[in-house]
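Structure, as structure tokens:
The values are calculated or read from the model by the stated rules, or taken from the named source; none is laboratory data. A quick note: this is a predicted structure, and the numbers were derived from the prediction, not measured. Backbone-built Cβ (ideal geometry, glycine too); neighbour counts: all protein chains shown.
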Amino acid sequence: MTDKANTTRRSFVQNTAAGSAALFAAGMSTFRAVHAQDSQTKPMRVGLVGCGGRGSGAVANAVSSTDNVKLVAMADLAKDRLDGAAAGIQTSIGAAFDVKPDARFHGVEAYKQVCSHPDVDYVIHTTPPGLRHITLREAVENGKHSFVEKPVCVDSHSYRHVLESGEMAKAKGLAIVTGTQYRRENSYKAAIEQIHNGLIGELVGAYAYYCTGSLWLRGQQADWEKWGGFDGMEYQMRNWLYFAWLSGDHIAEQAIHNIDAINWGFDSNPISAYGSGGRISRNQPQYGDIYDHFSLDYDYPGGARVSFKCRQIAGAAARVTNRFIGTKGTMDIRPNPGRSASVAKNHKGERIWNHNGRPQSGNNQPYVEEHRALIESIRNGTPIMEIQGVADSSLTCIIGREAAYSGQEITFEQAQKGMLKLSPDDITADSYKVRPVPVPGEYKFS
Ligand SMILES: NC(=O)c1ccc[n+]([C@@H]2O[C@H](COP(=O)([O-])OP(=O)(O)OC[C@H]3O[C@@H](n4cnc5c(N)ncnc54)[C@H](O)[C@@H]3O)[C@@H](O)[C@H]2O)c1
């Protein structure tokens, strides 16, 4: 006999006012427990838009984050990417792959079919960033929750657009979680908490670096010709990293992680950016219109200044770290997915705190935590909304990029209100347009 059946029978035999009250209370608590359990195990059906490396990884992260998560729909611009990802994801998640042949879409408007699919509860957005605002709006309009990879905008237009979508989502009770994973990493969180608790005093500055080697370039000469040449839609779509309208340039596409951590540490957006950049090693036409290095100063409220560098040059020394400087000491944070190492020192150079970066592995790693948090918030009826922070961090990257491109100091407020629009209103074959490489002094921020 179940507990529920026992409770019901006992209450019936007592048949007193007190017994009835007890029955009601017991019944309600059983009802609540069953209801909560139902919502905890309610299937969570995922739709994937942008079936590349991160999209495939994010699906596996979502499935391993909690019970009863499955992939039910997929979309990509290219059929070969869709088919390749479907085979790979099926191998990695097994029975959680439940994408029927009629829920696999490709083409320019394929994202619309996943975002409006009746079986989808939440959409994973992993197309190139320049399209993020378009797919997010489609998901919100169709009442879907979202996981959006970083960056979420590439210009002033898409910044305002994603914030508007955030407001629409809030009004509809929809969740939006973002892919700035340091924010879900225990060791990174511990270091930032120490800063916020005053361990190194008042922050007066910081150094931030995202210097790496070169990244992937898809295809070779024969493929490039087949893909329409360097200004062809297919070429740009496949090698989107190298086109500012699609990636935001590497300062936004990759270095956003360390820029976001600076905003997090300061608990503020910067006031302005000033600096320079250019392309020295990646200056062939296959590398589109982006730079390969930036060196910038960001000014923060209270007179603090942050020196920031990022570089993607093969053979040059890598450095991906952040150093915060306070009135009482410094905090160095060396990120490493799930195991960032941090050390704080006073101004005599003595260690005052450190965190060894204990591994956050398996289904606890930050990429998994993002989905666990999102799903729990949906199931609990308390949807997480974190678009503002990641939009602000994306815009922080954008003002740095625009300062370097134009050779001018660019303020955060100028960019919030600006006319800059690299991104399209809608995705069409004509959206894919290359711009000339910006030359400081000639290029103008608007
Ligand atoms: N958080 C992290 O650590 C991390 C790591 C890698 C990538 N990312 C982010 O994830 C996103 C995707 O990166 P990726 O490495 O998976 O790239 P990718 O090139 O492997 O995948 C992108 C996919 O989007 C598809 N696509 C392009 N245009 C499309 C359109 N109009 N409609 C539908 N699909 C379209 C491409 O064909 C491709 O399959 C980027 O925003 C990137 O910055 C985040």
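Looking at Glu202, Glu234, Glu225, Glu193, just one residue is surrounded by fewer than 20 Cβ atoms within 10 Å (Cβ to Cβ), in the same structural domain as Asp426 (by TED's automatic domain parsing) and within 11 Å of the ligand (Cβ to nearest atom), and that residue is Glu234.
Can Val120 be described as in contact with a helix residue (DSSP H, G or I) (Cβ under 9 Å, 6 or more places away or on another chain), outside any helix (DSSP H, G or I) and either touching a residue at least 60 places away in the same chain (Cβ under 8 Å) or surrounded by 20 or more Cβ atoms within 10 Å (Cβ to Cβ) (or both)?
Yes: the conditions hold for Val120.
The set of residues from the stretch 421-446 being in contact with a His (Cβ under 9 Å, 6 or more places away or on another chain) and surrounded by 19 or more Cβ atoms within 10 Å (Cβ to Cβ) comprises Leu422, Ser423.
Of the listed requirements (1) surrounded by 21 or more Cβ atoms within 10 Å (Cβ to Cβ); (2) at pLDDT 95 or above, Arg379 misses just one: (1).
Being at pLDDT 95 or above and out of contact with any Asp or Glu (no Cβ under 7 Å at 6 or more places or on another chain) narrows it down to one of Gly179, Gly166, so name that one. Please lay out each step first, then the result.
Values: Gly179 fails: out of contact with any Asp or Glu (no Cβ under 7 Å at 6 or more places or on another chain).
Exactly one of Gly179, Gly166 is at pLDDT 95 or above and out of contact with any Asp or Glu (no Cβ under 7 Å at 6 or more places or on another chain), namely Gly166.
When restricted to residues that are of a type in the set (Gly, Ala, Ser), under 22 Å from Lys345 (Cα atoms) and assigned to a loop (DSSP other than H, G, I, E, B), the stretch 298-328 contains 1.
For the stretch 275-309, how many residues meet the condition of being touching a Leu at 6+ places or on another chain (Cβ under 7 Å) and more than 16 Å from the ligand (Cβ to nearest atom)?
From the stretch 275-309, those touching a Leu at 6+ places or on another chain (Cβ under 7 Å) are 275, 286, 304, 308; that's our starting set.
Now narrow it down to the ones that are more than 16 Å from the ligand (Cβ to nearest atom): 275, 304, 308.
Number of matching residues: 3.
Would you mind stating whether Ser187 is buried (at least 21 other Cβ atoms within 10 Å of the Cβ) and either modelled with pLDDT of 95 or more or not in a helix (DSSP H, G or I) (or both)?
Working: buried (at least 21 other Cβ atoms within 10 Å of the Cβ): yes; either modelled with pLDDT of 95 or more or not in a helix (DSSP H, G or I) (or both): no.
No; evaluated as a whole, the condition is false for this residue.
Working carefully through the options Ser92, Ser158, find the one that is within 24 Å of Ala244 (Cβ to Cβ) and either of a type outside the set (Asp, Glu) or buried (at least 16 other Cβ atoms within 10 Å of the Cβ) (or both). Spell out how you get there, then give the answer.
On the way: Ser92 fails: within 24 Å of Ala244 (Cβ to Cβ).
The conditions single out Ser158.
Of all residues in the stretch 154-184, those satisfying the criterion of being part of a loop (DSSP other than H, G, I, E, B) and not aliphatic (A, V, I, L, M) are Asp155, Gly173, Gly179, Thr180.
Contact map, the stretch 68-94: residues that are within 11 Å of the ligand (Cβ to nearest atom) paired with residues that are part of a loop (DSSP other than H, G, I, E, B) and at pLDDT 95 or above, Cβ distance under 6 Å, separation 6+ or inter-chain. Pairs shown: Met74/Cys51; Met74/Val99; Asp76/Cys51; Arg81/Cys51; Leu82/Cys51; Ala85/Cys51. For the stretch 264-297, what are the residues that are of a type in the set (Gly, Ala, Ser) and part of a helix (DSSP H, G or I)? Of everything in the stretch 264-297, just one residue is of a type in the set (Gly, Ala, Ser) and part of a helix (DSSP H, G or I), namely Gly265. Taking the stretch 241-257 as the region of interest, how many residues are assigned to a helix (DSSP H, G or I) and either under 19 Å from Gln286 (Cβ atoms) or under 13 Å from the mean Cα position of the chain (by Cα) (or both)? Of the residues in the stretch 241-257, 11 are assigned to a helix (DSSP H, G or I) and either under 19 Å from Gln286 (Cβ atoms) or under 13 Å from the mean Cα position of the chain (by Cα) (or both).
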